[in-house]
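As structure tokens, the structure follows; a few thoughts come after it.
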Amino acid sequence: MRPQSPGAPRRRKKPPRRKKPVAKKTSAAASSIRAGYRPPPKSDAGISVFTVLLMLVALAMAGGMVMVILPKDLSSIAGYTTAQEDQAPVRNVLRESLDTLVAQDKSMDLSEKDMNRYLQKRVVGKQGGFMGNFVKFKGVFVDFKKGYADVYVERSVFNLPFTMSCKVRMEKFKRKFIWKVEGGSIGRLEIPGLQFQPILKVFNRLALTCEDELEIFNKMGDIQFEEDRMVLNPRG
């Protein structure tokens with residue numbers, strides 16, 4: 001090794017280069033948690049809870065559609081099965097109720113069977129529009145209960161029965177009758193309240209068809225819905 005002269009500058013040794021630490025790879029889940037987002041928890045089977053909830057909602061909607069498609073069984077309504085088969089004379093409800101109102105001497109007792117047989121003659125519906133060839137009107141039927149009446153409209157869609165109904169209750173206020181619709185049904189699906197407009201539209205058209213009968217009923221002194229019958233009292 002050669003000795004350096006006193007005037008010559010000393011060479012400094014360069015420090016050894018340090019290797020930069022390799023950054024550890026983090027998973028997408030870990031990075032998302034650091035960013036403030038947490039992925040949905042997983043169930044034991046590997047399906048997220050959100051997916052399970054969506055499946056439950058879809059099943060509930062499918063069940064609702066099945067309830068809509070399935071018609072209500074109307075065979076227990078008096079006059080439903082015999083309305084078109086019975087050849088006995090049909091009571092003229094319009095004429096009888098008018099005579100009762102004029103005479104003012106006695107009440108009129110109208111059975112469920114007689115009312116339904118009368119409605120089969122009185123109400124004749126026809127489906128219009130582009131669905132007219134596939135939807136057929138079958139009839140209107142009432143089911144009298146204590147304090148109210150269930151009114152059904154039955155159609156066939158592609159030769160399958162389809163029913164709609166509304167629950168009608170009547171109250172008297174200052175000598176005037178107030179007809180209240182308290183929910184209804186489409187198929188076997190019950191719909192409470194007055195929010196479902198298709199039901200209201202159907203029964204508003206039905207009320208216009210039976211406008212003469214309703215006008216006479218509204219002039220009665222009292223109307224009572226009983227089990228399987230309706231009582232009209234002209235004097236209240």
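The values are calculated or read from the model by the stated rules, or taken from the named source; none is laboratory data. Fair warning: this is a prediction, and the values are worked out from it, not measured in the lab. When we count neighbours, we look across all protein chains shown, and the Cβ atoms used for this are built from the backbone with ideal geometry, even at glycine.
Things worth noting here:
- Condition met for Lys167 (in a strand (DSSP E or B), within 19 Å of Met108 (Cβ to Cβ) and of a type in the set (D, E, K, R)): no
- The set of residues in region 139-160 that are part of a strand (DSSP E or B), surrounded by fewer than 17 Cβ atoms within 10 Å (Cβ to Cβ) and in contact with a strand residue (DSSP E or B) (Cβ under 9 Å, 6 or more places away or on another chain) comprises Lys145, Tyr148, Ser156, Val157.
- Scanning region 99-138 for residues that are closer than 19 Å to Ile77 by Cα, of a type outside the set (A, V, I, L, M, F, W, C) and at pLDDT 90 or above yields Asp109, Ser111, Glu112, Lys113, Asp114, Asn116, Arg117, Tyr118.
- One residue from Lys174, Lys201 being at positive phi and not small (Gly, Ala, Ser): Lys174
- Checking the stated criteria, Phe203 turns out not to satisfy the condition of being assigned to a strand (DSSP E or B), in the same structural domain as Phe134 (by TED's automatic domain parsing), of a type in the set (A, V, I, L, M, F, W, C) and modelled with pLDDT under 85.
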